[in-house]
Amino acid sequence: MTRRTVRIAMNGVTGRMGYRQHLVRSVLSLREQGGLDLGDGSTLWPEPILLGRREHALRAMAERHGIEHWSTDLDTVLADPSVDIYFDSQVTAAREDALKAAIAAGKHIYCEKPTATSLDGALDLARRATAAGIKHGVVQDKLFLPGLLKLKRLIDGGFFGRILSVRGEFGYWVFEGDWQSAQRPSWNYRAEDGGGIVADMFPHWEYLLHELFGRVRTVQALATTHIPQRWDEKGKPYDATADDAAYGVFELDGGAVAQINSSWAVRVNRDELVEFQVDGTHGSAVAGLRECRVQHRSATPKPVWNPDLPAGESFREQWQPVPDNADFGNGFKVQWELFLRHVALDEPWRWDLLAGARGVQLAELGLRSSAEGRRFEVPELTL
């Protein structure tokens, strides 16, 4: 079996998500398994080049994992003709200019979302990449998580009948940083640095709703900052200028209505950090990141409202778990494998920069809806 090397410049891997999910659990995991079997007698061998601003962190990471190449000079790396792919998981505010430079250098693009801080910027990236003739993709990891793959199996199998509604609950308590350290970086709470839960999570909700249930036709949202002061990584207080919670209602093609709450100021009283309840005429399901439970109409109880008596049944116990029936890999790694096959073999791929722009569009309209107290239509995007 022959081995083909693909060199990947990975920018932003000193951050939590870039390091854990993209470098360690995706690219390095592929190397540990001997590369990606392309099915044609060859194996694709990913060779990462670590990029970032902190030289000491890059050096330490490279030594820890036996990675030969790292750099703090983006322009020099992009000028190297042996580099095939540019990957970006930097802070949002830094992503757009770096992607433009990589596109101009003729590199294939794979990046985290949101792809830009504005819809105009996101569409500009998609148009530049298309004109350059490069392959481009955006991380849409939640589509590949076990619980949501089970949910898609139910949809494809016609379990729900006509889907009526989707209710989503996402979030957890992010500590303010004074008496316990925060679980998220401080820039997430500064609008001037590209922070905010709408900018972060509405792109996720766009692709999930779009792929599972139908295109988002309208959006109405309320975004707010529940906790106005936080403490940064050095223990210094700062004003939180970005929204930390958002409450959105989305009308979908086909008539279903989705309602999704997103919050970094909520304490968890559910089985997983994110859950979606889908109700249809023939059945309902509750899906999280890993698990999925169902209740068919033939097994639906008949509750009767009586506030004078305690509930005489456990409603949660009346739901049935959906079996795995498959081996589910890490969602980030699975999408990496698909993108690498797209680059190497030109296999089909639909999660491109235009799809990423739809997420930016929904976030932008959600913030506008909150600011103006209005519901907005979501126009279809074209290049």
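Report the residue count in the stretch 196-239 for those that are of a type in the set (Gly, Ala, Ser) and either surrounded by fewer than 22 Cβ atoms within 10 Å (Cβ to Cβ) or in contact with a Cys (Cβ under 6 Å, 6 or more places away or on another chain) (or both).
Counting residues in the stretch 196-239 that are of a type in the set (Gly, Ala, Ser) and either surrounded by fewer than 22 Cβ atoms within 10 Å (Cβ to Cβ) or in contact with a Cys (Cβ under 6 Å, 6 or more places away or on another chain) (or both) gives 2.
So which residues in the stretch 135-160 are aliphatic (A, V, I, L, M) and either surrounded by fewer than 19 Cβ atoms within 10 Å (Cβ to Cβ) or under 30 Å from Gly283 (Cα atoms) (or both), if there are any at all?
Hits for the stretch 135-160 are Leu143, Leu145, Leu148, Leu149, Leu151, Leu154, Ile155.
Those residues that are part of a strand (DSSP E or B) and farther than 21 Å from Ala191 by Cβ, I need them from the stretch 232-259; list them, please.
Val249, Phe250, Glu251, Leu252, Val257, Ala258, Gln259
Report, by residue number, each residue of the stretch 340-360 that is crowded, with 23+ Cβ neighbours inside 10 Å and either among the hydrophobic types (A, V, I, L, M, F, W, C) or more than 21 Å from Thr115 (Cβ to Cβ) (or both).
Across the stretch 340-360, the qualifying residues are Leu340, Leu353, Ala355, Ala357, Val360.
The rows are residues; the columns are (1) assigned by TED's automatic domain parsing to the domain that holds Tyr189; (2) in a loop (DSSP other than H, G, I, E, B); (3) under 17 Å from Leu340 (Cβ atoms); (4) of a type in the set (Gly, Ala, Ser).
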site	(1), (2), (3), (4)
Arg7	no, no, yes, no
Tyr19	no, no, no, no
Ser26	no, no, yes, yes
Trp45	no, no, yes, no
Leu50	no, no, no, no
Met61	no, no, no, no
Phe87	no, no, yes, no
Thr117	no, yes, no, no
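Let me spell it out: the conditions are (1) more than 30 Å from Val249 (Cα to Cα); (2) touching a residue at least 12 places away in the same chain (Cβ under 8 Å); (3) in the same structural domain as Ser284 (by TED's automatic domain parsing), and Asp308 meets all of them except one. Which number is the exception?
Condition not satisfied by Asp308: (2).
Looking at the stretch 194-207, which of its residues are out of contact with any Pro (no Cβ under 9 Å at 6 or more places or on another chain) and over 15 Å from Val249 (Cβ atoms)?
Within the stretch 194-207, Gly196, Ile197, His204, Tyr207 qualify.
Go through the stretch 291-330 and give me each residue that's hydrophobic (A, V, I, L, M, F, W, C) and out of contact with any Cys (no Cβ under 6 Å at 6 or more places or on another chain).
Correct list: Cys292, Val294, Ala299, Val304, Trp305, Leu309, Ala311, Phe315, Trp319, Ala326, Phe328.
Under 8 Å between Cβ atoms, which residue pairs at least 6 apart in sequence (or on different chains) link something in the stretch 134-161 that is more than 26 Å from Ile103 (Cβ to Cβ) and among the β-branched types (Val, Ile, Thr) with a partner that is at pLDDT 95 or above and assigned to a loop (DSSP other than H, G, I, E, B)?
Every condition considered, the pairs that remain are Ile155/Phe213.
Hey, Ser165 hits all of (1) surrounded by fewer than 18 Cβ atoms within 10 Å (Cβ to Cβ); (2) of a type in the set (Gly, Ala, Ser); (3) assigned to a loop (DSSP other than H, G, I, E, B) but one; which does it fall short on?
So Ser165 meets the others, but not (3).
Spot the failing condition for Val249; the list is (1) under 29 Å from Glu192 (Cα atoms); (2) crowded, with 20+ Cβ neighbours inside 10 Å; (3) aliphatic (A, V, I, L, M), and only one is missed.
The single condition Val249 does not satisfy is (2).
Does Gly171 qualify as being surrounded by fewer than 23 Cβ atoms within 10 Å (Cβ to Cβ), out of contact with any Lys or Arg (no Cβ under 6 Å at 6 or more places or on another chain) and in the same structural domain as Val274 (by TED's automatic domain parsing)?
yes
How about the stretch 38-73: which of its residues are free of Cβ contacts under 8 Å to residues at least 24 places away in the same chain, surrounded by 15 or more Cβ atoms within 10 Å (Cβ to Cβ) and among the acidic types (Asp, Glu)?
none
Among Trp305, Trp264, which is the only one that is within 18 Å of the chain's Cα centre (by Cα), over 14 Å from Arg167 (Cα atoms) and not acidic (Asp, Glu)?
Of Trp305, Trp264, the one residue that is within 18 Å of the chain's Cα centre (by Cα), over 14 Å from Arg167 (Cα atoms) and not acidic (Asp, Glu) is Trp264.
For the stretch 224-241, state whether one or more residues are under 30 Å from Asp279 (Cβ atoms) and within 22 Å of the chain's Cα centre (by Cα).
yes
Which one is nearest to Gln33 (Cα to Cα) among residues in the stretch 325-383 that are of a type in the set (Val, Ile, Thr) and touching a Ser or Thr at 6+ places or on another chain (Cβ under 7 Å)?
Val360
Are any residues in the stretch 303-339 surrounded by 19 or more Cβ atoms within 10 Å (Cβ to Cβ) and among the aromatic types (Phe, Trp, Tyr), and if so, which ones?
Residues satisfying the conditions are Phe332, Trp336, Phe339.
Hey, can you tell me all the residues within the stretch 75-97 that are aliphatic (A, V, I, L, M) and either in contact with a Lys or Arg (Cβ under 8 Å, 6 or more places away or on another chain) or crowded, with 20+ Cβ neighbours inside 10 Å (or both)?
Val77, Leu78, Val83, Ile85
The values are calculated or read from the model by the stated rules, or taken from the named source; none is laboratory data. Because the structure is a prediction, the values reported are computed rather than measured. Using ideal geometry, Cβ is built from the backbone for each residue, glycine included, and neighbour counts are taken over all protein chains shown.
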